[in-house]
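This report refers to the structure that appears directly beneath it.
The values are calculated or read from the model by the stated rules, or taken from the named source; none is laboratory data. Quick caveat: nothing in here was measured; it's all calculated off a predicted structure. Here the Cβ positions follow ideal geometry from the backbone for every residue, glycine too, while neighbour counts run over all protein chains shown.
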């Protein structure tokens, strides 16, 4: 079963807390601090593997979770850093951040990988805080938190050329003739429900290309009707589109041709700009020659005549498809600047270090990524830890800003999950 889309939650590991410890040995009465650092949490990656061809493993997946780093210990023992988790996906998978559908990576080669959730760094133990001014540090850092994200995986098949057209125009029959795909065919619409790939060998016996047979389009496919999106997603990678139009007389070929191109345009992704080879199929049907002449007159150029039944026109067509593939560059799925590494993770220079909200008369909430991170990392179970945090808040101007907002003694100050009373 081809499962070509999945949504999965990923969670990286939290960093281990640093330890507060002092060396106590018989011959070293003034041994000093020896608290070790915490270990790093594991990260989560997606990696492309050529031996996987579906996203079925993630269809009902609850979450991909990396382990937390272990805490530091006495005698300068560092906590264990956890291994990263590599979740395997098919080659051709595109990875998105669900919020805003921001593209993260196109895993189009075997071994391509992308970091989707970075593990938290381990906190420093008190031995790391020893200095000439602070000889007995009773302070340590908590580990950095891990990340939780919802990721969308979309498999977009890797094909050089894609067969497009209305249902029952002969796409699957042609693929069976030119490759060993062995696709089911029948005389009713939507016989093909999933994309099929076939490797086409040229008459010279040397050159090859990959051809994809797509489920038939109907009017409104770009809006999701019929098999709409599940079809259109896969032709985004195709360098050349082979547009088949039936000459059987059951439908108006020129009208079908125009409707399909409208759907490509409405879908976006510049599909309508891809090189198109127009093929007049089912030329073995009575009256097909006359219908093709009329069709070509409306097009303004000659279409390729093809009969998969008699195999007339097969070799010239596959040679021309290969020639067009060689001339056409690969189309990028998204622009590099759309990648969040360059777009959403760069802090703006004008962004304030913190903001203060006053939801009630005696409650002040301090918000800001850096401030909340500093608070989360500080071990506030010791007097020195609290003093370090308060010193930082004063240094960046929080104390002055609170006074300007009207804070008085005994008011509650909240930063993340940490609350304390304000003292003028």
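Within region 119-134, which residues are buried (at least 19 other Cβ atoms within 10 Å of the Cβ) and assigned to a loop (DSSP other than H, G, I, E, B)?
119, 120, 121, 122, 123, 124, 125, listed by residue number.
Restricting the search to region 18-37, which residues are surrounded by fewer than 24 Cβ atoms within 10 Å (Cβ to Cβ) and assigned to a loop (DSSP other than H, G, I, E, B)?
If the condition is that a residue be surrounded by fewer than 24 Cβ atoms within 10 Å (Cβ to Cβ) and assigned to a loop (DSSP other than H, G, I, E, B), then 20, 21, 23, 24, 26, 27, 29, 30, 31, 32, 34 are the ones that fit.
Can residue 40 be described as assigned to a loop (DSSP other than H, G, I, E, B) and surrounded by fewer than 16 Cβ atoms within 10 Å (Cβ to Cβ)?
Numbers: assigned to a loop (DSSP other than H, G, I, E, B): yes; surrounded by fewer than 16 Cβ atoms within 10 Å (Cβ to Cβ): no.
No; evaluated as a whole, the condition is false for this residue.
Sort out which residues of region 152-199 are touching a helix residue (DSSP H, G or I) at 6+ places or on another chain (Cβ under 6 Å), more than 21 Å from residue 262 (Cβ to Cβ) and either modelled with pLDDT under 75 or part of a loop (DSSP other than H, G, I, E, B) (or both), and write them in order of number.
Listed by number, the residues that qualify are 156, 157, 160, 181, 183, 185, 192, 195.
Filter region 279-312 for residues that are in a loop (DSSP other than H, G, I, E, B) and surrounded by 16 or more Cβ atoms within 10 Å (Cβ to Cβ) and give the result.
The answer is 282, 283, 285, 303, 306, 308.
Residue 373 - would you say it is assigned to a helix (DSSP H, G or I), surrounded by fewer than 16 Cβ atoms within 10 Å (Cβ to Cβ) and in contact (Cβ under 8 Å) with a residue 24 or more places away in the chain?
yes
List every residue pair whose Cβ atoms sit under 8 Å apart, with the two residues 6 or more apart in sequence or on different chains, where the first one lies in region 85-97 and is on the phi > 0 side of the Ramachandran plot and the second, anywhere, is assigned to a strand (DSSP E or B) and surrounded by 22 or more Cβ atoms within 10 Å (Cβ to Cβ).
The qualifying pairs are 92/48; 92/107; 92/155.
Filter region 48-76 down to the residues that are part of a strand (DSSP E or B) and buried (at least 16 other Cβ atoms within 10 Å of the Cβ), then identify the one that is nearest to the chain's Cα centre (by Cα). Lay out the reasoning, then the answer.
Step one: of region 48-76, the residues part of a strand (DSSP E or B) are 48-49, 63-65, 73.
Subset that is buried (at least 16 other Cβ atoms within 10 Å of the Cβ): 48-49, 64-65, 73.
Values: 48: 12, 49: 16, 64: 14, 65: 17, 73: 38 Å.
Ranking the candidates gives 48 first.
In region 210-229, is there at least one residue being part of a helix (DSSP H, G or I) and modelled with pLDDT of 80 or more?
As a first pass, look at region 210-229 and keep what is part of a helix (DSSP H, G or I): 221-223, 228-229.
Restricting the remaining residues to those that are modelled with pLDDT of 80 or more gives none.
For region 210-229, residues part of a helix (DSSP H, G or I) and modelled with pLDDT of 80 or more: absent.
Applying the selection to region 313-333, what residues are in a helix (DSSP H, G or I) and in contact with a strand residue (DSSP E or B) (Cβ under 8 Å, 6 or more places away or on another chain)?
Passing the criteria: 316, 317, 318, 320, 321, 322, 324, 325.
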